[in-house]
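The values are calculated or read from the model by the stated rules, or taken from the named source; none is laboratory data. If you're wondering where the values come from, they're calculated on a predicted model, not measured in any experiment. A quick note on method: Cβ atoms are made from the backbone with ideal geometry, for glycine too, and the neighbour counts reach across all protein chains shown.
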Amino acid sequence: MASGIPCETTPEAPRSVDPPEDLRPCERRALHEFRARLEDAIVSNQQLVKASGREKSKSRVACSADPTEDPREESLWGIPLLPSQGHEGTDVILLKFLRAREFKVSDAFAMLQKTLRWRREFGADSILEEEMGLPELEDAADVNGTDREGHPVCYSICGAFKDKDLYRRTFGSKERREKFVRWRVRFVEKGIQELSFKPGGAGSLLQVIDLKDSCSPDMKELRSATKKLVSVLQDNYPEFVVKNIFINVSLRYYVYYALFSNLISPRSKSKFILVRPSKVLETLLKFIAPEEIPVQYGGLKREDDDEFSPEKQVSELVIKGGGMATIEIPVVEPGVTVVWDITVVGWEVTYKEEFIPDDEGSYRVLIQKEKKIEESVRNSFYINEPGKVVLTIENRTYKKKRVLHRSKSKPTIPLYNLLNQTKHPIA
């Protein structure tokens, strides 16, 4: 089929869902042409997946050339590629390749062919069922929650490799480095399982890469494996990352990035965000709600949290430089435990907690004496009389501070009452 002919003008136009409304006319034409070219290649049983030069020298059989396979069943990430099947996810996949190649249809088609060939050579379609035997790397990567737009958030913790024994077992040889790349691709495939390939759905990942304790000059093997990984992901996972947020970036890494960035395409580079340690929470809050940010990064999310659900509303207050603010949690009925979370963007404030009873004849209780707050705080206090828990935050810097907090009350039977009921059960 001649290049440049939109699919509306072909005698047998592929049946498909309507293109997204946000596409410009030239982009719509490119999508129509891509559909038609792909349809023609699959229906006419052309060799969609071209063999590499090495494979051609070994055999005349194409790398995808299983004569029992029906080319009409070609798919990517579970989405059929044949446009005339009318699957709602087909255009979503095709647009990823088009956007990665600036809507140049020939380049996008060539990229799709290379990706299909690579997946078959690499075994990417079956990698999730593969047992890699690397349980020690579980602390180095995690898919944890979603961002404000519903994109799954993938965390990579490079500092896990400061353990010299783990570093040697992971990067000590070429074979181990290749296995690491394979493990990391598996992690990406796991994240893709959380995506939506429906038009308008969250079809990409947000990546947070924590570089704390990872820029030692001795970690050249890690950098080498990372370069290869970036190349693999850039070539075969187009538009699958909405942003790459590098946090806890040191000066050494800024220098390294300046040298390394020439290997990254301009489009991919535009998605990179480098964040200094003091700006981690502030930056993550632009993309992720505080209740979805793990506590180690200043957020309010704790593993296996049985106190607060993600739906629990988080409140915010702003304290001007040199100012002070209080958060009051009133308790009308006694016999409850008050639980609260609090975190501060930028830290550098002092903080204390106390219980003030309504009865003027009762004593105030200092729950937490004044201290500097340098991490997310969770605390609780049992209330046996009406009153209020008061959290006092003082900002002695000249910059304004954002305070994020939430609280709840839950009925509680004190332990001594339970023990007393056990000894003297009620008749």
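Regarding residue 317, is this residue in contact (Cβ under 8 Å) with a residue 12 or more places away in the chain, within 23 Å of residue 401 (Cα to Cα), among the hydrophobic types (A, V, I, L, M, F, W, C) and touching a helix residue (DSSP H, G or I) at 6+ places or on another chain (Cβ under 8 Å)?
So residue 317 fails the test.
If you check residue 84 against the conditions, is it touching a helix residue (DSSP H, G or I) at 6+ places or on another chain (Cβ under 8 Å), at pLDDT below 90 and in the same structural domain as residue 48 (by TED's automatic domain parsing)?
Here the answer is no, as residue 84 does not meet what is asked.
Hey, any hits in region 206-218 for a residue that's β-branched (Val, Ile, Thr), crowded, with 19+ Cβ neighbours inside 10 Å and outside any helix (DSSP H, G or I)?
yes
Quick one: in region 155-192, of everything that is outside any helix (DSSP H, G or I) and more than 18 Å from residue 218 (Cα to Cα), which residue is farthest from the chain's Cα centre (by Cα)?
Restricting to residues being outside any helix (DSSP H, G or I) and more than 18 Å from residue 218 (Cα to Cα), the top hit is 156.
Suppose the filter is assigned to a strand (DSSP E or B) and in contact (Cβ under 8 Å) with a residue 24 or more places away in the chain; does residue 333 pass it?
The answer is no for residue 333.
Which of the strands (runs of 3 or more DSSP E) found entirely inside region 342-427 contain at least 1 residues meeting this: over 27 Å from residue 310 (Cα atoms) and modelled with pLDDT under 90?
Per the criteria, no element qualifies.
What about residue 249, is it closer than 15 Å to residue 140 by Cβ and crowded, with 20+ Cβ neighbours inside 10 Å?
no
Select from region 128-182 the residues that are of a type in the set (Ser, Thr, Tyr) and either within 17 Å of residue 233 (Cβ to Cβ) or buried (at least 19 other Cβ atoms within 10 Å of the Cβ) (or both) and list them in ascending order.
155, 156, 170
Could you please find all residues in region 293-329 being surrounded by 15 or more Cβ atoms within 10 Å (Cβ to Cβ) and assigned to a strand (DSSP E or B)?
Matches in region 293-329: 294, 301, 319, 325, 327, 329.
When region 385-396 is examined, which residues are found to be surrounded by 14 or more Cβ atoms within 10 Å (Cβ to Cβ) and farther than 11 Å from residue 339 by Cα?
386, 387, 388, 390, 391, 392, 393, 394, 395
Filter region 234-257 down to the residues that are part of a strand (DSSP E or B) and among the hydrophobic types (A, V, I, L, M, F, W, C), then identify the one that is nearest to residue 279 (Cα to Cα).
247
Return the pair list, or none, for Cβ contacts closer than 7 Å from residues in region 360-382 that are over 26 Å from residue 396 (Cα atoms) to residues that are of a type in the set (Asp, Glu) and exposed (fewer than 14 other Cβ atoms within 10 Å of the Cβ), at least 6 apart or on different chains.
If the second residue must be of a type in the set (Asp, Glu) and exposed (fewer than 14 other Cβ atoms within 10 Å of the Cβ), the pairs left are 362/385.
For region 212-255, what are the residues that are on the phi > 0 side of the Ramachandran plot and touching a strand residue (DSSP E or B) at 6+ places or on another chain (Cβ under 8 Å)?
248
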